[in-house]
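Read through the structure below, which is laid out as structure tokens, and then see the notes.
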Amino acid sequence: MTVSRDPAAGALSGLRVVDASTLFAGPMAAMHLGDMGADVVKVEHPARPDPSRSHGAAKEGVNLWWKTLGRNKRTVTANLGSEGGREVFLALAEHADVVIENFRPGTLERWGLGYEELSARNPRLVLARVSGFGQVGPYRTRPGFGTLAEAMSGFAAMTGEPDGPPTLPPFGLADGVASLATAFAVMVALQARERTGQGQVVDMAIIEPILAMLGPQITRWDQLGTVQPRTGNRSANNAPRNTYRTRDGQWVAVSTSAQSIAERVMRLVGRPELIDEPWFARGADRAAHADVLDDAVGGWIAERSRDEVVAAFEEAQAAVAPIYDAQDIVADPQFQALGTLHEIEDPELGPMLMQGPLFRLSGADGVIRFTGRPHGADTESVLEELGYTAERVAALREEGAV
């Protein structure tokens, strides 16, 4: 099967998206849509670019995260608080299918750019509003970041060692989850538009999608009055489930969510008698005996190299995975077979490797057409498409509107 990589054949080709959000959840949602062929226009303040342009590692003064986060986006500048910038934004929204924004609730309304004004120009517009706490409620105007969502969702409370503090992830987990939820919500709203002919507002609170990913903690509290404790790398639902150090100083992760897998692991490590224990037949009961099971599995793994462990588990049809860093990911044949990593020619840094779109389609894969572009690089060309003359663009620049 030959899969097209022609951008014009992308599943979302013809969809027009205005990304007026900053940092991670909103911009990442726009990135997902752009990967699938949408024409994404990134709008930034003329003097205050998206802070993600300076977030994390850089090479030769060029930010690396932006190269991924800003990919497939044409970049324009507009000061939405100015009359000229407001005019530009209304023109962009008039010709768009989707606008993604993450200003504090009420900010667009203060600028005269709320959904009432936007939909008056374009009744079919979908406005995705991404904020920390949503558009309603007592926290709606608080500054909201993914870290706060990771704290308030229950994630931090259930993550970490039993005798250690609540633990936050070292990356934008809540933002990443919210980006997927936002992209999904946008597609749902667009599907509804096909029936009704009308756009609508998506209210995405970053505190909610990660909460939905964390299992039945709410139902457990409601029905049993208990909360999930911190268990480190162990699970309260099955064992053995942990990370184990190999003879050559590497690490592997083992999972035994299925009873048959747990039995195979115990036979593999030479402890088949444990299978006959009355507590072994149920995952939660095995978890209560995790010390015994970890000793058996961990001791066996510690005597072998990582490659030996993975090969033995594979032969036994038991579930194991090496714990990778970026170098391992790049070299792994499964990621290579999937085409997970894409090498893109960047005008500033040359060939650049990055993770590609989230999935493959039999008709047409997602495509990284270009990496994150410089601040405002496409202002003139995009405004020209909207009917602006060179003289008008120059005047807007003079007044600081773009």
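The values are calculated or read from the model by the stated rules, or taken from the named source; none is laboratory data. Model, not experiment: these values are computed from the prediction. Note that we place each Cβ from the backbone using ideal geometry, even for glycine, and neighbour counts take in every protein chain shown. Heavy atoms of the whole protein, side chains included, go into the accessibility calculation; ligands, DNA and RNA do not. Shrake-Rupley method; radii C 1.70, N 1.55, O 1.52, S 1.80 Å.
If you wrap the chain in the convex hull of its Cα atoms and look at it from every side, the mean projected area works out to 24.1 nm². If you take the Cα centroid of the stretch 194-260 and the Cα centroid of the stretch 278-315, the two points sit 21 Å apart. Beta bridges from DSSP with both residues in the chain: antiparallel share about 40 percent, rounded to the nearest 5.
When the chain is treated as a Gaussian network with alpha carbon springs shorter than 10 Å, the biggest mean-square fluctuation among THR182, THR167, THR226 belongs to THR226. Sorted largest first, the spans of the alpha carbon positions of the stretch 169-208 along the three principal axes are 42, 13, 10 Å. Quarter the surface of the alpha carbon convex hull of the stretch 1-136 and you get the mean projected area, 10.0 square nanometres. Can you give the Rg to Rh ratio for the stretch 163-256, taking only C-alpha atoms and Rh from Kirkwood? For the stretch 163-256, the value is 1.13. Overall, the accessible surface of the stretch 226-295 at a probe of 1.4 angstrom is composed of carbon and sulfur to the extent of 45 percent. Checking every one of the trypsin sites (Lys or Arg not before Pro) in the stretch 106-136 against DSSP loop status and a limit of 16 other Cβ atoms within 10 Å picks out ARG124. Summarising the label geometry, the points placed 7 Å from Cα in the beta-carbon direction at ALA236 and SER54 lie 4.3 nm from one another.
Against the criterion of solvent-accessible heavy-atom surface with a 1.4 angstrom probe, TRP251, TRP300, TRP65 sort, most first, into TRP251, TRP65, TRP300. Converting the Cα gyration tensor eigenvalues of the stretch 283-394 into ellipsoid dimensions via √(5λ) gives semi-axes, longest first, of 51, 17, 15 Å.
At a probe radius of 1.4 angstrom, the accessible area of the chain per residue rounds to 50 square angstrom. Of the trypsin sites (Lys or Arg not before Pro) in the stretch 219-306, not one is in a loop by DSSP (not H, G, I, E or B) with at most 10 other beta carbons within 10 Å. Summed over qualifying helices (DSSP H, 4 residues or more, each -39500 (n - 2.57)) and divided by its residue number, the chain shows a 222 nm mean residue ellipticity of -11000 deg cm²/dmol. Sorted from greatest to least, the principal axis extents spanned by the alpha carbons of the stretch 225-366 come out as 62, 42, 30 Å. Taking GluC sites (Glu not before Pro) that fall in a DSSP loop and have at most 16 other Cβ atoms within 10 Å as cut points, what is the longest piece of the chain between them? Counting at most 16 other Cβ atoms within 10 Å as exposed, the longest clean stretch of the chain is 61-302. Rounded, prolate or oblate: which fits the stretch 35-76, taking a ≥ b ≥ c as square roots of the Cα gyration tensor eigenvalues, rounded meaning a/c under 1.5, else prolate when a/b beats b/c? Because a/c hits 1.5 or more and a/b fails to exceed b/c, the stretch 35-76 counts as oblate.
Ordered from highest to lowest accessible area with the whole protein assembly present and a 1.4 Å probe, HIS342, HIS289, HIS55 read as HIS55, HIS289, HIS342. Overall form of the stretch 335-392: oblate. Here a/c, set by the Cα gyration tensor axes a ≥ b ≥ c, is 1.5 or more, and a/b is not larger than b/c.
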